[in-house]
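**Q** This is the structure I want to talk about, given as structure tokens.
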Amino acid sequence: MLSVWLLLEPGLLQGLPLALRLLAVLLGLWAIGAAFLRPLALQSPHRWQHPLLSPPWSLLALALFALLLVVRALLA
């Protein structure tokens, strides 16, 4: 739903300065991509990926990204 919201309202991130926009994009990639990459990371021999994709951290990233979008929508 966050991806669709950003497609409908791209100005939520476009109004940010470049450095903050890049951080928001990286946070969004982590938050939304973690759910898709979790099954692949479980099969990977590299163990450093597991904590980043585990539910506590990926859910925290998703909550922070959603909060960022809601705050930007309320301030716009």
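The values are calculated or read from the model by the stated rules, or taken from the named source; none is laboratory data. Please read these numbers as outputs of a predicted model, since none were measured by experiment. Positions of Cβ are backbone-derived with ideal geometry, glycine not excepted, and every protein chain shown enters the neighbour counts. Each accessible area value is taken on the protein alone, full model and side chains, heavy atoms only, with ligands, DNA and RNA left out. Shrake-Rupley method; radii C 1.70, N 1.55, O 1.52, S 1.80 Å.
**Q** What accessible surface, in Å², does a 1.4 Å probe find on Leu6, ignoring ligands, DNA and RNA and rounding to the nearest 10?
**A** 40 Å²
**Q** I would also like to ask the following. Say R0 is 22 Å: what FRET efficiency, to the nearest 0.05, do Trp5 and Leu37 get from their beta-carbon distance?
**A** Efficiency, from the Cβ-Cβ distance: 0.55.
**Q** Something else: Would you tell me the accessible area of Leu8, worked out with a 1.4 angstrom probe on the heavy atoms of the protein chains, in Å² to the nearest 10?
**A** Result for Leu8: roughly 130 Å² accessible.
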